[in-house]
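A short worksheet on the structure shown next.
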Ligand SMILES: [Zn+2]
């Protein structure tokens, strides 16, 4: 029997109109509750007639599917609150709340997509979310580059998850890993199998904690980017031993993360990210001139930067950044001030130039970047103590 449901298309059009205007958190919540209620009623109605929404005639079915996939948009829409919109108007960046957990939920969905149907569903939803996010930014008269670097990285990661090669390799490796993990777990522990969650980050390789429902392990996506079953076996074993309190070395595991596939993945992210910047010439200090001087004095002129600039924001605690993949240095605009002595600016730039000297080594996951040798080289700067003291005071000031 063909079931016809009146009003679904009308409702879709209504909702679309409502979404054209920006909604407050409350309005968005209310709207999504309303939509959910109506969709549940449709489902129930279909069930009562031994049918399903998938069997509705075309315009109704499309309306149903549109409304059903709207959950994400409603929460996203309400996620940019008024404050952020206002601060954006004054030139600072905007933020999508909860982006990290959304991207991670996509990662987990993809990582466990072990059949074609699930992969297709993942691709559809992730693509839908990305398009909606970009649309939303456009409606706010901004673009992806108005997001913080951290949020940009997350969106690029999501885009990479949709890459055919990555979508093939991650679920395959995840399956191989889980299988090995469970096997080692049974050998080493009598407790229940822990829950495993995958996370979208280079900074934390893994983390585990006990909660009410048992042990939860979070593992970085980086471990699943390269086809290497013997490594996954070793990794699973090491992790089980570590969690169950045995002494194991993780040096090899960290070392493995410097393989080309992992570095390429990070490179693809960094290349897509846009850093807002000013020029090298500030109001008081010119970074190009200072770089030249330091390069000659401390580095035998062997460094060259692809970009030097003052930052857009005035950070007082983290005053310098080096991005190895683009080979750029950023110095906080807080230092472009007559009250800041030249040797302080020089020292901050010198510190970043040391990172530049280390190059790609400094982003290898799990590597300690400010290690002993780094600190030794840092102390070669002529005014090291004075500059350090000044920066400590600056970080404490308001
Ligand atoms: Zn540093």
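In this label model, residue 297 and residue 321 are separated by 2.6 nm, measuring between points 7 Å along each Cα→Cβ vector.
Rounded to the nearest 10 degrees, the inclination of helix 25-48 to the longest alpha-carbon principal axis of the chain is 40 degrees. Considering helices alone, the calculated mean residue ellipticity of the chain at 222 nm is -18000 deg cm²/dmol, with DSSP H runs of length four and up weighted by -39500 (n - 2.57) and normalised per residue. For the chain, the longest principal axis of the alpha carbon atoms and the long axis of helix 229-243 meet at an angle near 80°. Looking at the range 84-273, the DSSP beta bridges with both ends there are about 50 percent antiparallel. Counting neighbouring Cβ atoms within 10 Å and putting the fewest first, the residues 244, 319, 133 line up as 244, 133, 319. For the chain, the relative contact order comes to 10 percent (Cα pairs under 8 Å, sequence separation of at least 6).
Using Cα atoms only, what is the angle between the long axis of helix 58-68 and the major principal axis of the chain, expressed in degrees (0 to 90) to the nearest 10? With both axes taken from Cα atoms, the answer is about 40 degrees. With coordinates expressed along the principal axes, the C-alpha atoms belonging to the range 84-273 extend over 57, 33, 33 Å, beginning with the largest. Inter-part distance, the range 238-262 to the range 296-341, computed on C-alpha centroids, equals 34 Å.
Among DSSP beta bridges whose residues both lie in the range 287-396, state the antiparallel percentage, nearest 5. In the range 287-396, DSSP labels about 50 percent of beta bridges as antiparallel. If you wrap the range 287-396 in the convex hull of its Cα atoms and look at it from every side, the mean projected area works out to 6.9 nm². With only Cα atoms counted, the chain has Rg and Dmax values of 25.9, 86 Å.
Bear in mind these aren't lab numbers, they're just calculated from the coordinates by the rules spelled out. Computed from a predicted model, the values in this text were never measured in an experiment. Heads up, the Cβs are rebuilt from the backbone with ideal geometry, glycines too, and the neighbour counts pull from every protein chain shown.
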